[in-house]
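S.K.: Can you keep this structure in mind? I'll have questions shortly.
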Amino acid sequence: MSATVDNLGLSLIEAESAHVAHNYHPLPVVAARAEGVWITDVEGKRYLDLLSAYSALNFGHGHPAILAAAREQLERLTLTSRAFHNDRLGPFATALSQLCGKDLVLPMNTGAEAVETGIKVARAWGYRTKGIPADAATIIVANGNFHGRTTTIVGFSDDPTAHDDFGPYAPGFVHVPYGDAGAIAAAIDENTAAVLLEPIQGEAGVVVPPAGFLQRVREICTENNVLFIADEIQSGLGRVGETFACDREGVVPDVYLLGKALGGGILPLSAVVANEDVLGVIRAGEHGSTFGGNPLAAAVGLRVVEMLASGEFQTRAKALGEHLEASLQALVGHGVTAVRIAGLWAGVDIDPAYGTGREIAEKLLARGVLVKDTHGQTIRIAPPLTIRATELDWAVEQLRHVLPH
């Protein structure tokens, strides 16, 4: 397949470039429709989607069960705001809290909103429950983190592209090396309200922490009366072969931050999930969202949770991830310097002698495979969990073709 953009695609890209702010650098492909794991562009060319909109499409494009839930709700009720109750929010919150093993759900829209909400909850808990002096609460975060793009969040990013020129930044965040439990223990003091971590760092290139790290973080937080907040926005909801990445070590955080796949690839839906003693610190009027918990999103979210409750997608991700790992590891030393994988989520480091991650992504585009680069030399692979082993094999063969033999 050719990555050459034809006249229609070129005109659409030019229109976008002329009138859309340049906060992204997309690959030169113009999607027009999609089904399952395949995207078709405006010229009718098909591409295997190995990005899944950063795991928002865990169940593939247009999953029939999710579409059915959305269509049914579209005909009934889409939005009320939280000024009134609606008949979908309660069932959704009940199902999600059960999936997480927690008491309460605070629904929002985007992942960044979930993180911001988690920060507010942690601070309120610190003042109202732990007894931290006013405006003194701190939250421990990891180097290499990516939790979103709001000014608060980028203020504690160490990625210059995300961080620089957007200050002044909110205080109250303490950085430690990712994967270093000892550094977390050393950083805790009487004003520490929470430790906020991605169980696996996605934007950093699918960075998996050392074995036992999450267990030790859980122990440290319990010993010091500090909340453990797990940002499972990308890693959760089946992606890594478990419902949550924390499940890989049998760890239950105090707070789950969820998003992306929760909306079924149809609409934005995020949530903070925790027990009453944590999430109950937020009082009426202190936090909210016009669209958060809307009945359309709740209906879609409920269907997603029901699908995850079966365990089918977690099982598929685990088995297919093992299959993918074996294929990718065979490329190490042949244009690939390292592979990191958790379930059906892989970071593949490209040997600089053979191009950047972006250049390899463009070469794969020309062969009908969609991936995304990050941090210069890494490409990320995160296909829908509905993908077949034969499709994975074909994708790896395309990667093999664009690398040295």
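S.K.: Once amide H atoms are placed 1.01 Å from N in the peptide plane, what residues at a sequence separation of 5 or more from V174, or on another chain, have their amide H within under 5 Å of its amide H?
M.R.: Placed amide hydrogens put I139, I140, V141 under 5 Å from V174.
S.K.: Can you give me the angle between helix 111-125 and the longest principal axis of the chain, using Cα atoms only, in degrees from 0 to 90, rounded to the nearest 10?
M.R.: Orientation of helix 111-125: about 20 degrees from the principal axis.
S.K.: To the nearest 20 Debye, how big is the dipole of segment 273-338 about its Cα centre, given +1 on the beta carbon of each Lys and Arg and -1 on that of each Asp and Glu?
M.R.: Numbers: 4 positive and 7 negative charges, 36 e Å.
Result for segment 273-338 is approximately 180 debye, rounded to the nearest 20.
S.K.: On a full-extension model of 0.36 nm per residue, what is the gain between S17 and H375, subtracting their alpha-carbon distance, rounded to one decimal in nm?
M.R.: Gain on extension, S17 to H375, equals 126.5 nm.
S.K.: Counting each DSSP H run of 4 or more residues in the chain as -39500 (n - 2.57), what helix-only mean residue ellipticity at 222 nm follows after dividing by all residues, to the nearest 500 deg cm²/dmol?
M.R.: Using -39500 (n - 2.57) per qualifying helix, the result is -10500 deg cm²/dmol.
S.K.: Just tell me which lysines come within less than 29 Å, Cα to Cα, of K102; anything on the same chain fewer than 8 places away is out.
M.R.: K120, K130, K260, K318
S.K.: About the Cα centre, and with charges only on the beta carbon of Lys, Arg (+1) and Asp, Glu (-1), how big is the dipole of segment 185-249? Nearest 20 debye, please. Kindly include the intermediate steps, with their values, before the conclusion.
M.R.: Details: 4 positive and 11 negative charges, 37 e Å.
Dipole about the Cα centre, nearest 20: 180 debye.
S.K.: Here's something else I'd like to know. Place a label point 7 angstrom from the Cα of R283 along the Cα-to-Cβ direction, then list the residues of segment 124-142 whose backbone nitrogen is under 18 Å away.
M.R.: 124-135
S.K.: Here is a follow-up. Can you compute the FRET efficiency between E359 and A53 using 1/(1 + (r/R0)^6), with r the Cβ-Cβ distance and R0 = 25 Å? Round to the nearest 0.05.
M.R.: Here the calculated transfer efficiency is 0.65.
S.K.: I need the calculated FRET efficiency for the pair Q215 and D393, taking r as the beta carbon distance and R₀ as 60 Å, to the nearest 0.05. List each step's numbers first, then the result.
M.R.: Details: r = 35 Å, r/R0 = 0.58.
Calculated transfer efficiency: 0.95.
S.K.: Next question, about the same structure. Quick one: of the DSSP bridges fully inside segment 64-310, what percent are antiparallel, nearest 5?
M.R.: Percentage antiparallel, nearest 5: 40.
S.K.: Using the Cα centre of segment 310-352 as the reference point, and only Cβ charges (+1 on K/R, -1 on D/E), how large is the resulting charge dipole? Debye, rounded to the nearest 20.
M.R.: Dipole about the Cα centre, nearest 20: 120 debye.
S.K.: Roughly what angle does helix 357-366 make with the longest principal axis of the chain, taking Cα atoms, 0 to 90 degrees, to the nearest 10?
M.R.: Between helix and principal axis, roughly 50 degrees.
S.K.: Right, here's the next one. Spin-label point model (7 Å from Cα, Cβ direction): what's the A134 to R46 distance in nm?
M.R.: Going from the A134 label point to the R46 one covers 6.4 nm.
S.K.: Among L370, I139, S81, pick out the residue whose Cα is farthest towards the positive end of the charge dipole of the chain, where Lys and Arg carry +1 and Asp and Glu carry -1 on C-beta, about the Cα centre.
M.R.: Of the listed residues, the answer is S81.
S.K.: How many nm is it between the label spots at R76 and T161, if each spot is 7 Å from the Cα in line with the beta carbon?
M.R.: Those two pseudo-labels are separated by 4.2 nm.
S.K.: Oh, and also: If the viscosity is 1.002 mPa s and the temperature 20 °C, what Stokes-Einstein diffusion coefficient in µm²/s follows for segment 131-192 when Rh is the Kirkwood radius over Cα pairs?
M.R.: 172 µm²/s
Every read-out reported here was derived from the displayed coordinates using simple, explicitly stated rules and does not represent laboratory data. Quick caveat, the model's predicted, so the values are computed rather than measured. Cβ atoms come from the backbone with ideal geometry, glycine included; neighbour counts cover every protein chain shown.
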